[in-house]
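Student: The structure is given below, and queries will be raised subsequently.
The values are calculated or read from the model by the stated rules, or taken from the named source; none is laboratory data. The model shown is predicted, which means the values in this text are computed figures rather than measured ones. Glycine also receives a Cβ, built like all others from the backbone with ideal geometry; neighbour counts cover every protein chain displayed. With ligands, DNA and RNA removed, areas are computed over all heavy atoms of the protein, side chains included. Shrake-Rupley method; radii C 1.70, N 1.55, O 1.52, S 1.80 Å.
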Amino acid sequence: MDERRSDVNLENEFANSTSLHGIARVANNTRVRVKLVWVSIMMTCFCVCVYQVHDRFSFYLMYTANTAISVEYARNLDFPAVTICNFNRYRQSQVTTEEYKYLKYILTNTDFSTEQTVDIPDENDSRKFNFTEFTLRAGFLIAPALIECKWRGKPCYAENFTHVFTPFGSCWTFNSGKNAPILQAHQAGEGNGLEIFIDIEQSEYTETITNNFQAGLKVVIHDQHTPPLVESSLAISPGVHAFVGIRRQQYLNLEKPHGKCDASAKLDRFEKYSLEACTIDCLTEVIVQTCHCRPVGYPGNETECSPFQERNCSIQVADQFHSGEIGDCECTVPCNHTAFSTGLSTAVIPSLRSVRVLTEVLFSGNRSKQNSPGFNDTIAELVDDLSPGLEKDIKDNLVILSLYYEELNFQLYEQTKAYTLSALVSDIGGQLGLFLGASFITLAEILVYITHKVKRCFASKRKSENEETVESEKSNIDSVTHTSVL
């Protein structure tokens, strides 16, 4: 009876002292109907609370993310890398008679397309042909093509460009960051970036109507750590001054489980991870494993594919890779990525008034006169002496590029967790407080009550065991005594 009274006292004490609302009204109310009403209210609130807490947990485990977009202003911005390619991949004057038998094959298949095929020399002959050596010698060279270069108004030179292989053969990158620090822009607008004059040399074109029958330049604006994708570049025709306004975007992505990026992702053939580099790295690895050679212009130290290997293996493998038949590459988005958007506008060059002057200055070896004190008088003297054919050279060969930041800021796209652990804890606390009037202190009170209840159960059990032991010993003593009497 004392134990039962003690248990009742413990439960009454908990009911009257706990911060969990409603328990005391159920325990202390003597009217059965009223007690049942309170029990119904508490059970309903408890069920709703459990549902809401389950919903919050489910939402948290979805690991959703938000993307915050902001405009960040900066005093200085790293200028992007600018890669320039000529639509003409190989210069006619540099192709020997022996190399002409490979030229049609090279021009047709450099872009890994099997839509057009040509006959090539046998395997033994083709192994003597070196794609890299031929492309470096006969491909587009920046030095003879660069007429003038200015960076923020100061002269720059062919030495400021670095060579890079692309599907367009030899291309050249300004501000690659490989041989010198990355240049920075301090102001926005034309004149505060890069300005170059380039002669595309149409007289050297070897491309035909079955290949690149366009004339002009391909221009890629990209981050220094991202390989240039010439296939997604700007096309600039000769006879224009192209104004390219640049805007910078910075992407900060979350790692799993909230995002898809992997900060530990590394590549074998590139120093820094990017989606473009991962795709190239994967394609190269697939071709190397299948064809036992490396495609021309792709990174790596493996043996370069011969024309025969290109035609009979690597092209087919590349086609299958692009169609998704082979090469299941797990290329995730980078955690920190820089991209650039561009706005292109053009103006025809030269104007009727300046055509003859530009022809003389740029193509007749008289550029030094441009800075002479009597430049205006010199113009008048030169006009009558110029050949009419040189005027056409400007429209057919000259490209002027002006690249600059439109504004000295960048757009920041930053992924953030849509639902954090602290938000989950806050929501659970809110649901407990709203429907049950409970808090985390209430959980502590319940734990204390359970602890006391367990202690009393163990104490009661031990007491029962002790009483049984005493009764057993007493019974044994009585049995011995009775036996002795007998």
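Student: How much FRET efficiency would the formula 1/(1 + (r/R0)^6) give for H54 and S323, where r is the Cβ-Cβ distance and R0 is 56 Å, rounded to 0.05?
Tutor: On the way: r = 45 Å, r/R0 = 0.81.
My answer for the efficiency is 0.80.
Student: Run the accessible area of the stretch 212-263 with a 1.4 Å probe and give the carbon-and-sulfur part as a rounded percent.
Tutor: 52
Student: Can I ask one more? Work out the FRET efficiency for N179 and V71 from their Cβ-Cβ distance, taking R0 = 35 Å, and round it to the nearest 0.05.
Tutor: For N179 and V71, the calculated efficiency is 0.60.
Student: With a 10 Å radius around each residue's Cβ, average the other Cβ atoms per peptide and rank 65-71, 288-294, highest first.
Tutor: On the way: 65-71: 11.4, 288-294: 16.6.
Final packing ranking: 288-294, 65-71.
Student: Of the listed pairs K154/K218; K218/K260; K150/K218, which have alpha-carbon separations greater than 30 Å here? All intermediate terms of the calculation are to be shown ahead of the outcome.
Tutor: Values: K154/K218 24 Å; K218/K260 32 Å; K150/K218 19 Å.
Those over the limit are K218/K260.
Student: Additional query: So with the 1.4 Å probe, I'd like the accessible area per residue for the stretch 44-104, rounded to whole Å².
Tutor: 58
Student: Shifting gears a bit: Highest mean first, what order results for 269-281, 397-409, 42-54 on Cβ atoms within 10 Å?
Tutor: In decreasing order of mean packing, 269-281, 397-409, 42-54 become 397-409, 269-281, 42-54.
Student: Which GluC sites (Glu not before Pro) in the stretch 39-107 sit in a loop by DSSP (not H, G, I, E or B) and have at most 15 other Cβ atoms within 10 Å of their own Cβ?
Tutor: Details: sites: E72, E98, E99; in loops: E98, E99.
Answer by residue number: E98, E99.
Student: Calculate the length of the line joining the C-alpha centroid of the stretch 235-314 to that of the stretch 135-151, in whole Å.
Tutor: Cα centroid of the stretch 235-314 versus Cα centroid of the stretch 135-151: 24 Å apart.
Student: Take the Cα of K417, step 7 Å along the line toward its Cβ, and report every residue of the stretch 242-267 whose backbone nitrogen sits under 18 Å from that point.
Tutor: Residues 252-263 fall inside that zone.
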